[in-house]
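Working notes, beginning with the structure itself.
We did not get these values from a lab; they are worked out from the coordinates using the rules stated. Here the structure is a predicted model, which is why all the values come from computation and not from measurement. Cβ placement follows ideal geometry from the backbone for every residue including glycine, while neighbour counts extend to all protein chains displayed.
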Amino acid sequence: MSFPRFPGLLILILTVALIAVNAPVSRADITIAADARTNYVITLPSEPTAPQQTAAKELQKYLAQATGAELPIRSETQVSKNAPQIVVGASDRMGELAPDADVSSLQPDGIIMKTVGKNLILAGDPPRGTLYAVFTFLEEHVGVRWWTSEATFVPEKPTLSVGSLDVKYAPPFIQRSAFYREPIHNPIFAAHLKLNGHHQNVPAEYGGHRRILGFVHTFNRLLPPDKYYDEHPEWYSLIDGKRVRNEQLCLSNDAMREELTKKALAQIRQNPNAGMISISQNDRPCGACQCEECKAIREKYGGEYSGDLIWFINKVAEDIKKEFPHTMVETLAYHYTRTPPENITPRDNVVVRLCSIECSFLQPLGTSEENKSFREDIEGWSDIAPNLFVWNYVTNFHNYILPHPNMRVLAPNIRFFADNSVVALFEQGDSYTTVGDFVRLRAWLLSHLMWDPSQDAEALVREYVNGYYGDAAPYLLEYLELIHDAAEESDVYLRCYMPDTSSWLPPEDVHRATRLFTKALNAVKDDPELHRRVRRAKMPLDNVWLKRYKSLEIASKQSGREFPGPKDPAEAAKEFIRLSEEFNNKYYGEGRPFQDYERRLREKYIRSAGPPPEKCKDLPEDRWVEFQDAFFGMARSRWGRTVDDPRASDGKAARMPATHHEWAVQCHLSDDLTLNNPWHCYVVARCDVKKNAGGDVMTMGIYDLRNSKGITSRSVKMEAAKGPEYKVFDLGTHDIHGGCYVWVAPRKRPDEVEGVYVDRIFLIREEKGQE
Ligand SMILES: [Zn+2]
């Protein structure tokens, strides 16, 4: 894959490391096992901690699997100084053998891997460092790979030799979170990946993890207005002359700060090992206090609204530090507090959290024009703040089960964070699904890069795909390259909410991708487990077909190319639903049950579609496309929903009550249709009336989101729409693209109109050359 290239020095370091792993026996300093026999002992401190004991057991287990030899685990009091040994954890023995190996000089989670004579020392910063030293040794020098919670690779090495080692290392991020299902639901796997973030739930014997007390948006949870507002309205924001309970706090109020600090300290006392507490604004667009005192602080420290926030947080953090010197106080630079302040810097125990939600994830954050605004924020904060925390988005929240071509920026973005004072990183991936876009590869890749951002991401991807997918690897690597090339070619602004793939993955690339997966499946057809892994990895591509079937079919017919998509979309939808169940998948988006998506697929493909529109029945199939109500998005459920209607072409219609005038029915079109512009657009609708009063009953039109402008709109008279029979309304002929949607809205006439019903929307392609 064409990942960004590395500086020469890093490649050199990597090459040296590889040589060390594969070094011939003659050059090795120590031989831990020879022909499945060993005279080595694993030496623990006389009073080992739980994570040190786990580290020794893990080392024993994987060395036994690799070499066939089991190293006994002994206390340092039982092992002679002269015996060949692997010293696990800082101990007197470590001091005797290597007086300069000092774990107290390590940064958080830091490790020491060092050979001394014929001995090996694996130790680290407590509580996790010793485990991380063992895991790093097993990965880099034995060749163990933890691909998933269930798939571990241990090489056979009856003779295991290790070259001279003198490694002292600590990761740039003290808190590392990869928000994926595998490491969240399997805490020991998370420990193997050296993840230690809030959600990773690593048990204490595996070193535990860092928590963020309160997690985020905690102002109102620390000082609930229901409890405090009546007595202390002055603790809450003054807005337009009034104290408001549900916006933010009046940060200049000393009594408020005292009470908030008291509550925060009580929380930390209950969880003294958490490591971080969130003291952060409520999730509101603004709501900053407008009182004279707050304004005066704000004027002094600038930053629009961040000056008074940092002034306040510094004071809270100063008080927390007196009792808990190692607990970090987290706050947000978000919405109205994004711009960094002036004349004030966050204290050393304050962490400022930024999030990248509005960025494009195709182009790197650190260099691209698209992400200039976020980059300026983070660089501005980095200039003044000792510690930043980034909440980064690495999936498509609209629908997890779609290709999301952001893999090439993962490593450059992590390096950009490391270069800009970021000490805690939350990579928010598809935590809910088991069948997202290469989710296992992503969790593994991100974990490795967060541990050591200088690693070669391209090499890591290749290694994973080869290791986890076996003989299918060449095709899958080509597939990954193909979809990333396609996205780069399109130069799409890749948000973390993308409704479909038509804006960046053209039909011919969907075809290529499909052929590559066919080859990949064929390459592993005799290995049921590998076949299962590849089949699961193909589900996002299956979903591309299900989301774009009709328009891809038309594009294919137009181009005269062979059609590699499923012959029968209903069968494809059934298979997709079956596979989701087989792979124990419960969600298609964050908090969005797969059942909801399944219902839409069933309505779209499996339920009988009804006869074609009268205007289309004599046209060839590739001249028209229809969108039944199952395709519509409803802007709000209370504005409309799908109901049974025997007069509708498929027995169902979208019904909107005449109690509002919102564009509730929205039918988003696809970029696949642009090839065949222009299209003549029609809406099939009707209304039930209570009182035959005439006048307008509904409006409809086409809106262009990309250019923020209406393309067309019209209103419909009661006379033309009333009654049980559906009528066809003409929206005219237009050039459309994937940013367009057709909308329909009722008029607000609750006394005269019972409801407005939309059966379907259809488009007829104008013949080329036709006037
Ligand atoms: Zn105030």
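Rounded to the nearest Å, what's the spacing between the alpha carbon centres of segment 277-318 and segment 543-616? Just the number, please.
Between the Cα centres of segment 277-318 and segment 543-616 lies a distance of 50 Å.
List, largest first, the extents of the alpha carbons of the chain along their principal axes, each in whole Å.
Projected onto the principal axes, the Cα atoms of the chain cover 100, 73, 41 Å.
Once you place label points 7 Å from the Cα toward the Cβ at Ala50 and Gln290, how far apart are they in nm?
5.3 nm
Which whole-Hz ³J(HN,Hα) couplings does segment 682-696 yield from phi under the Karplus relation 6.51 cos²θ - 1.76 cosθ + 1.60, θ = phi - 60°, glycine and proline marked x?
For segment 682-696, the Karplus-derived couplings read 9, 10, 9, 8, 7, 9, 9, 10, 9, 9, 6, 9, x, x, 6 Hz, x marking Gly and Pro.
In whole percent, what relative contact order does the chain give with Cα contacts below 8 Å and a gap of six or more residues?
Over the chain, the number comes to 9 percent.
Quick check: net charge around Thr339, other residues with Cβ under 10 Å of its Cβ, Lys/Arg +1 and Asp/Glu -1?
My count for the surroundings of Thr339 gives -3.
Span-like helices, the chain: DSSP H, alpha-carbon axial extent 15 Å or more, mean Kyte-Doolittle -0.5 or greater, which ones?
Qualifying helices, which must be both long enough and hydrophobic enough, are 8-21, 306-323, 407-418, 439-451, 457-469, 473-490.
Return the calculated 222 nm mean residue ellipticity for the chain, to the nearest 500 deg cm²/dmol, obtained by summing -39500 (n - 2.57) across DSSP H runs with n ≥ 4 and dividing by the residue count.
-10000 deg cm²/dmol
Between Lys315 and Ala64, what length comes free when the chain is fully extended (0.36 nm per residue of separation minus the Cα-Cα distance, one decimal in nm)?
85.0 nm
Hey, can you rank 182-189, 251-258 by average C-beta count inside 10 Å, highest first?
Put in order of decreasing packing, that is 182-189, 251-258.
Using a 7 Å offset from Cα along Cα-Cβ at Lys118, what residues in segment 49-79 end up with backbone N under 17 Å from the label point?
Inside the label zone: 70-72, 79.
Mind listing the Cα extents of segment 30-170 along all three principal axes, in Å, largest one first?
The Cα atoms of segment 30-170 stretch 35, 33, 26 Å along the principal axes, largest first.
Working out 0.36 nm times the residue gap between Asp735 and Glu766, then minus their Cα-Cα distance, what length gain in nm do you get to one decimal?
10.1 nm
Between Asp35 and Lys300, what's the calculated FRET efficiency when r is the beta-carbon distance and R0 is 56 Å? Round to 0.05.
Computed FRET efficiency for Asp35 and Lys300 comes out at 0.15.
So, in nm, how far is label Lys557 from label Lys263 when the simple model puts each one 7 Å beyond its Cα toward the Cβ?
The two pseudo-label positions are separated by 6.3 nm.
Can you tell me which of 729-740, 668-679 comes out highest on packing, and rank the rest after it, using the mean Cβ neighbours within 10 Å?
The peptides rank, most packed first, as 668-679, 729-740.
Whole-Hz Karplus ³J(HN,Hα) for segment 148-162, in order, using 6.51 cos²θ - 1.76 cosθ + 1.60 and θ = phi - 60°, x for Gly and Pro?
9, 5, 9, 10, 10, 9, 10, x, 8, 9, x, 10, 10, 10, 10
Stokes-Einstein diffusion coefficient for segment 621-765 at 4 °C in a medium of 1.567 mPa s, Rh from the Kirkwood formula over Cα pairs: what value in µm²/s?
It diffuses with D of about 86 µm²/s by this estimate.
If amide H atoms are built 1.01 Å from N in the plane of the peptide, which residues on other chains or at least 5 residues away come under 5 Å of the amide H of Glu754?
Here Asp688, Val689, Lys690 satisfy the definition.
For the pair Thr367 and Arg706, how long in nm is the line joining their label points, each one 7 Å along Cα→Cβ?
Here the answer is 2.6 nm between the modelled labels.
Counting Lys and Arg as +1 and Asp and Glu as -1, each charge on the Cβ, what is the dipole of segment 30-170 about the Cα centre in debye, to the nearest 20?
In total the dipole reaches around 280 debye.
Mind grabbing the base-10 log of I(q)/I(0) for segment 474-606 at q = 0.10, 0.15, 0.17, 0.18 Å⁻¹? Debye formula, identical points on the C-alpha positions, no solvent, two decimal places.
Reported log10 I(q)/I(0), two decimals: -0.34, -0.81, -1.06, -1.18.
If you add up the charges near Trp451, with Lys and Arg at +1 and Asp and Glu at -1, over every other residue whose beta carbon is less than 12 angstrom from its beta carbon, what do you get?
Charge balance near Trp451 sits at -1.
Just report the Cα centroid separation between segment 258-274 and segment 187-202, whole Å.
Each part reduced to its Cα centre gives a spacing of 25 Å.
Which entries in Lys372/Lys586; Lys567/Lys617; Lys574/Lys748; Lys586/Lys727 show an alpha-carbon gap greater than 32 Å?
Violating the 32 Å limit, Cα to Cα: Lys372/Lys586; Lys574/Lys748; Lys586/Lys727.
Cα to Cα, under 16 Å, and not fewer than 8 places away if on the same chain: which aspartates and glutamates meet these conditions relative to Lys57?
Output for Lys57: Glu47, Glu70, Glu76, Glu139, Glu205.
List the residues whose amide H sits under 5 Å from the amide H of Leu505, counting only those 5 or more places along or on another chain, with H placed 1.01 Å from N in the peptide plane.
Residues meeting the criterion, in which the H sits 1.01 Å from N, do not exist here.
Starting with the highest mean, order 278-288, 712-722 by the number of other Cβ atoms within 10 Å, averaged over the residues of each peptide.
278-288, 712-722
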